[in-house]
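K.L.:
Pasting a structure here, questions to come.
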Amino acid sequence: MPNALKPNNSPDAACSSPSLPDSVRSLGELMRYTRSELIDAHLASPEADARAIFEAATSAGPADILFHGDEEYTGDGRELLAEMIARRVAREPLQHILGTAPMLGLELAVGPGVFIPRPETELLAQWAINMARGLVGEGVGKLRVVDLCTGSGALALAIAEEVPEANILAVELSDEALVWTRKNIAACEQRWGGPRVSLMQADVTDVSALRANQSLDDWWGNADIVVSNPPYVPDSTEVFEEVMADPHSAVFGGDDGLDVIRPMMNVVDALLRPGGVVGIEHDDSSGPDMMSLLGAQWEYASVSVMQDLADRDRFTVGKKPE
Ligand SMILES: C[S@@+](CC[C@H](N)C(=O)[O-])C[C@H]1O[C@@H](n2cnc3c(N)ncnc32)[C@H](O)[C@@H]1O
């Protein structure tokens, strides 16, 4: 990329808002500039990020670049594009810049205070959806699904979207996260035309406090499926800078990553009906520990560790004895 396309770094620029070089005029030049800035910033996926930012700021897609790339860009997205590039170069997560993160077919609102849903969690969501559809097919009347540590509502809402018959309870502790959970539930409910997910603020490691909550009376021993993507990264793990934008309590799970999962197993066991199933996402180093944890509670034969697309242990599933 020629020097002429570098950002304005004159002394005056230090206190002004970011801007694009005047020489960058056409759609194609804007796209190339965006891409080169993100590549120079050594991001993990600069091409994909550049496309997402460019599209969000200019509303122009690949076909516009292909057929109108040489034409001058006359839209009003230049300032926004410059701001988005600067934020991403400063390592702000792409999802915070866009304001949304995908989860299967959904676009969930995210921002500071809530964990950004990750693509690998779609595997657990899909497992739960398959389980739920199977039970609906078997004629289970009032299907009950619980999502512990719901964050943005990612798992609960993905399941509710695909299995409208399910009654879903989502549990989350953090005040800051719950602002986003409520927003996402409200947006989905407006589209669905009614409620499918009940939300509760509670600590999933405290089975006695949960037991004392009368609004849960109907749920104990009656849940068909429990899913959870809890905080599970061992404290000493080095993470990408972007992960630090997620709340610490959403990511890290103590020395071995199991500080939340261990006590949460009592809640899982108390919620599930005999024959009910659980799926819990965990660190890729925790597969053997998860086997022991679930196997000690139920029967080893009913527990298995599932791998992600990179063949890493990603979530463990188990069935409570009938
Ligand atoms: C890894 S995030 C997952 C969020 C969401 N399930 C997802 O997949 O995107 C873990 C979530 O658990 C919540 N959390 C942490 N400790 C908790 C606890 N003791 N009780 C309830 N929620 C908790 C965090 O606030 C965070 O929203």
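K.L.:
Which aspartates and glutamates does K320 reach when only Cα atoms under 13 Å apart count, and residues fewer than 8 places away in its own chain are ignored?
P.N.:
Result set, ordered by chain and number: D224, D269, E299.
K.L.:
Moving on to the next point. Quick check on the chain: helices-only [θ] at 222 nm, where DSSP H runs of length 4 and up contribute -39,500 (n - 2.57) each and the sum goes over total residues. Nearest 500, please.
P.N.:
Numbers: 12 runs with 126 residues, N = 322.
Using -39500 (n - 2.57) per qualifying helix, the result is -11500 deg cm²/dmol.
K.L.:
Counting Lys and Arg as +1 and Asp and Glu as -1, what is the net charge of the other residues whose Cβ lies under 11 Å from the Cβ of M200? Intermediate results must be reported in sequence, preceding the final value.
P.N.:
Details: positive: none; negative: D147, E172, D203.
Summing Lys and Arg as +1 and Asp and Glu as -1 gives -3.
K.L.:
Continuing with this model, one more query. Can you give the accessible area of R25 in Å² (nearest 10), computed on protein heavy atoms with a 1.4 Å probe?
P.N.:
Near enough 90 Å² of accessible area.
K.L.:
Compute the FRET efficiency between S292 and I39 as 1/(1 + (r/R0)^6), taking r as their Cβ-Cβ distance and R0 = 41 Å, and round to the nearest 0.05.
P.N.:
Working: r = 44 Å, r/R0 = 1.08.
Efficiency computed from Cβ-Cβ geometry: 0.40.
K.L.:
Antiparallel DSSP bridges in segment 179-322: what percent, to the nearest 5?
P.N.:
Values: 10 of 16 bridges.
Rounded to the nearest five, the antiparallel share is 60 percent.
K.L.:
Per residue, what accessible area does segment 70-143 have, given a 1.4 Å probe and all protein chains present, in Å²?
P.N.:
Working: 3570 Å² over 74 residues.
Heavy-atom SASA per residue in segment 70-143 reads 48 Å².
K.L.:
Over the chain, what percent of the accessible surface lies on carbon and sulfur atoms, probe 1.4 Å? Spell out each step's value before the answer.
P.N.:
Details: 7730 of 15280 Å².
Ligands and nucleic acids excluded, carbon and sulfur reach 51 percent.
K.L.:
Pull out the extension gain between A186 and S59, defined as 0.36 nm times the separation in residues minus the alpha carbon to alpha carbon distance; nm, one decimal.
P.N.:
Values: separation 127, 0.36 × 127 = 45.72 nm, distance 2.61 nm.
Working it through step by step, the gained length comes to 43.1 nm.
K.L.:
Let me ask something else. Output wanted: per-residue J couplings in Hz (rounded whole) for segment 198-205, from phi through Karplus 6.51 cos²θ - 1.76 cosθ + 1.60, θ = phi - 60°, x for Gly and Pro.
P.N.:
Residue by residue, segment 198-205 yields 9, 10, 9, 8, 6, 8, 6, 9 Hz.
K.L.:
Applying the Karplus parametrisation 6.51 cos²θ - 1.76 cosθ + 1.60 with θ = phi - 60° to the phi angles of segment 151-156, what ³J(HN,Hα) value in whole Hz is obtained for each residue in order, glycine and proline being reported as x?
P.N.:
x, 5, x, 3, 6, 4
K.L.:
With every protein chain kept in the model, how would you rank H42, H282, H96, H68 by accessible area, 1.4 Å probe, largest at the top? Provide the component values of the computation, followed by the final result.
P.N.:
Values: H42 150, H282 0, H96 25, H68 80 Å².
Final ranking, largest accessible area leading: H42, H68, H96, H282.
K.L.:
To the nearest 10 square angstrom, how much accessible area does D311 have with a 1.4 angstrom probe?
P.N.:
120 Å²
K.L.:
At 7 Å along the Cα-to-beta-carbon direction for both E71 and V89, put a label point, then send me their distance in nm to one decimal.
P.N.:
The two pseudo-label positions are separated by 2.9 nm.
K.L.:
Also, quick follow-up: GNM, the chain, Cα, under 10 Å: largest mean-square fluctuation among E71, E162, E29?
P.N.:
Highest fluctuation of the listed residues: E71.
K.L.:
Tell me, what is the percent relative contact order of the chain, built from C-alpha pairs under 8 Å that lie six or more residues apart?
P.N.:
Working: 546 pairs, mean separation 40.1, N = 322.
Worked out over the chain, it gives 12 percent.
K.L.:
Please list, by residue number, every one of the trypsin sites (Lys or Arg not before Pro) in segment 48-98 that is coil in DSSP and has at most 16 other beta-carbon atoms within 10 Å. Don't skip to the answer; put the middle values down first.
P.N.:
Details: sites: R51, R78, R87, R88, R91; in loops: R91.
Counting only loop positions with at most 16 other Cβ atoms within 10 Å, the trypsin sites (Lys or Arg not before Pro) in segment 48-98 are R91.
K.L.:
So for the chain: antiparallel DSSP bridges make up what percent, rounded to the nearest 5?
P.N.:
Numbers: 15 of 35 bridges.
If I count the DSSP bridges inside the chain, around 45 percent turn out antiparallel.
K.L.:
With all protein chains present and a 1.4 Å probe, how do C149, C188 order by accessible area, largest first? Walk me through the numbers before you get to the answer.
P.N.:
Values: C149 30, C188 10 Å².
Of C149, C188, the descending order of accessible area is C149, C188.
K.L.:
For segment 100-319, rounded, prolate or oblate, judged on the Cα gyration tensor with a ≥ b ≥ c (square roots of eigenvalues), a/c < 1.5 rounded, else prolate if a/b > b/c? Please list the in-between numbers first.
P.N.:
Values: a/c = 1.34, a/b = 1.05, b/c = 1.27.
Judged from the Cα gyration tensor, segment 100-319 comes out rounded (a/c under 1.5).
K.L.:
When all protein chains stay in place, what accessible area (Å², nearest 10, 1.4 Å probe) is found for F67?
P.N.:
Ignoring ligands and nucleic acids, F67 comes out at about 150 Å².
K.L.:
Further question on the same structure: Measuring from centroid to centroid over Cα atoms, what is the spacing of segment 264-291 and segment 82-150 in Å?
P.N.:
Using only Cα atoms, the two centres lie 20 Å from each other.
K.L.:
If we count every other residue with Cβ under 15 angstrom of E161's Cβ, Lys/Arg +1 and Asp/Glu -1, where does the sum land?
P.N.:
Around E161, the charge tally is -3.
The values are calculated or read from the model by the stated rules, or taken from the named source; none is laboratory data. Note that the coordinates shown come from a computational prediction; the quantities given were computed from them, not determined experimentally. With ideal geometry, Cβ positions are generated from the backbone for all residues, glycine too; neighbour counts draw on all protein chains shown. Please note that ligands, DNA and RNA were not included when accessible areas were found on the heavy atoms of the full protein model with its side chains. Shrake-Rupley method; radii C 1.70, N 1.55, O 1.52, S 1.80 Å.
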